[in-house]
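Engineer: The structure under discussion is supplied below as structure tokens; questions concerning it will follow.
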Amino acid sequence: MSEQAAAAQDRPLLMVDIDGVISLFGVAQQTGGVSDLRAAAASRDGALHSIDGAFHFLSSTAATHLLDLAALYELVWASGWEERANEHLPHLLGLPRGIPFLRFARAVGRSNAHWKLDAIEAYAGQRPLAWIDDALDQACREWASARAAPTLLVQTDPVCGLTSREAAQLTQWAQALRTYSSSPSPSSGSSSSASSSAKPGSVPPAPIFSSEARSASNSCP
């Protein structure tokens, strides 16, 4: 294994959906409401693009946050875009080339994200992971709760996508995980006193669910 690959595996995975996270205004995209997209684009940082015959408003705000998170996570595309993510997003948003992507055995659907679970499970194995998606459902939460490895689910509002709010939560969780991983075990170190106080991160992060959806009428942070 190369040094670069080994370093990547020291970080938790970040499973990244695209529609509703980076490509915003999903309802308008599905209905072909180009005028709605253009009107919404006026109040967002990003640009409207025609990709494979469909209009997508790609958020530069989301891309900036994702670039920052790449220092803490190994990024993986977990989207029905599959290989098209690397065909379009690097040159349109300045995102890294060659980010791994998942393939899915079943048809995609926007009402929930549980159809992604088999592919995510197979790729992640026992590695800690965070997953950001706009369509997380109860099946996703039950799966995360049952995992032995630390797992974070972060749900976005598809109108806002990945904002400073979600980015801050992802950053804090990864930092807490790193603190826990680097903490000496109770059996190691110079002191084994049971009276020593617990440090932040001394307990591995448990599955966490962030599913507070913001109204489309609210401003995005």
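Since every read-out is calculated from the coordinates, none of them should be taken as a lab result. Just so we're clear, the structure is a prediction, and the values are computed from it rather than from any experiment. For neighbour counting, all protein chains shown are included, and Cβ atoms are generated from backbone atoms with ideal geometry for every residue, glycine included.
Engineer: Per 0.36 nm of contour for each residue apart, how much would the distance between Ala105 and Ser164 grow if the chain were fully extended, relative to their Cα-Cα spacing?
Structural biologist: Here the answer is 18.0 nm.
Engineer: Ranked from highest to lowest mean number of other Cβ atoms within 10 Å per residue, what is the order of the peptides 89-102, 129-142, 52-65?
Structural biologist: Peptide ranking by packing, descending: 129-142, 52-65, 89-102.
Engineer: What Rg and what Dmax come out for the range 54-110 when only alpha-carbon atoms are used, in angstroms?
Structural biologist: 11.9, 32
Engineer: For Ile208, what residues show an amide H to amide H distance below 5 Å, using hydrogens built from the backbone and excluding near sequence neighbours?
Structural biologist: Thr151, Leu152, Leu153
Engineer: While we're looking at this one, here's another question. What list of ³J(HN,Hα) values in whole Hz, one per residue of the range 79-88 in order, does the Karplus curve 6.51 cos²θ - 1.76 cosθ + 1.60 (θ = phi - 60°) give from phi, with Gly and Pro shown as x?
Structural biologist: 8, x, 5, 6, 5, 5, 4, 6, 6, 10
Engineer: I need the phi-derived Karplus couplings for the range 58-68: 6.51 cos²θ - 1.76 cosθ + 1.60, θ = phi - 60°, integer Hz, Gly and Pro marked x.
Structural biologist: 9, 7, 6, 4, 4, 4, 4, 4, 5, 4, 5
Engineer: Kindly state, as a whole number, the per residue volume in cubic angstrom of the convex hull around the alpha carbon atoms of the range 50-151.
Structural biologist: 113 Å³
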